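Q: Mind looking over this structure? Questions follow.
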Amino acid sequence: MLDQRAHRWRRQHQLAASFALERALTHRLVIVTTWTIGAAAEKCGLTQYTLRWYERIGLLGQIERGSDGRRRFSERDLEWLSLLTKLRATGMPVRDMQRYAELVRSGAGHAERVELLRRHREQVRRAIASQRECLKLLDTKIGSYECQLAGAPGPSQQSTS
């Protein structure tokens, strides 16, 4: 009899446990934040016109649209725009950006992507070296003028004032 009660109790307990709410499958609420074109433009430092143009020329993939038909930019879209903004700010030609975007979207062309980015990196390095030379010249000129203002002869009193 004791065995029977224990067996019944175990069975009821197992049955109750199988219906426990904390073990039931539930839908997870996934919150996806999206931004309007205006908010996305502001976050990226671009204009709405530029975002539309980027989409038109293929720099952006298909942008999701809300039920009202308006563009809704995702976090992933903003990350991609951040990369595009940096490539553009460092002087990458739009046609190279378009080729890079095509390669990324296709999921292929890793070797070509690397080569494209390496070429651009070299151009950026040359531009930085050139800017450093310009900065040296500016520092020299500023030093010379500051010395003249202080009444002392400057480091180079040349006629290139």
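The values are calculated or read from the model by the stated rules, or taken from the named source; none is laboratory data. Keep in mind that this is a model prediction, so the values were computed, not measured. No Cβ is skipped: glycine too gets one built from the backbone with ideal geometry, and neighbour counts run over all protein chains shown.
Q: I need the full set of residues from the stretch 93-112 which are surrounded by 12 or more Cβ atoms within 10 Å (Cβ to Cβ) and farther than 15 Å from Leu83 by Cα, in order please.
A: Across the stretch 93-112, the qualifying residues are Gly109, Glu112.
Q: Right, something else. Has the stretch 129-151 got any residue that is at pLDDT 95 or above and within 18 Å of the chain's Cα centre (by Cα)?
A: Within the stretch 129-151 (the criterion being at pLDDT 95 or above and within 18 Å of the chain's Cα centre (by Cα)), the answer is no, since none of the residues qualifies.
Q: Select, from Ser82, Ser74, the only residue that is under 12 Å from Thr36 (Cα atoms) and small (Gly, Ala, Ser).
A: Of Ser82, Ser74, the one residue that is under 12 Å from Thr36 (Cα atoms) and small (Gly, Ala, Ser) is Ser74.
Q: Only one residue in Leu46, Leu51 is assigned to a loop (DSSP other than H, G, I, E, B), surrounded by 15 or more Cβ atoms within 10 Å (Cβ to Cβ) and modelled with pLDDT of 95 or more, so which one is that?
A: Leu46
Q: Can you work out which of the residues in the stretch 45-76 that are among the aromatic types (Phe, Trp, Tyr) and touching a residue at least 24 places away in the same chain (Cβ under 8 Å) is farthest from Leu103 (Cα to Cα)? Quick ask: steps written out before the conclusion?
A: Filtering the stretch 45-76 for residues among the aromatic types (Phe, Trp, Tyr) gives 49, 53-54, 73.
Filter again for touching a residue at least 24 places away in the same chain (Cβ under 8 Å), leaving 54, 73.
Numbers: Tyr54: 16, Phe73: 21 Å.
Checked the stretch 45-76; the qualifying residue farthest from Leu103 (Cα to Cα) is Phe73.
Q: Step by step: first the residues of the stretch 58-96, then only those that are among the hydroxyl-bearing types (Ser, Thr, Tyr) and under 26 Å from Arg126 (Cβ atoms), then the one that is nearest to the chain's Cα centre (by Cα). Which residue is that?
A: Across the stretch 58-96, the extreme among qualifying residues is Ser82.
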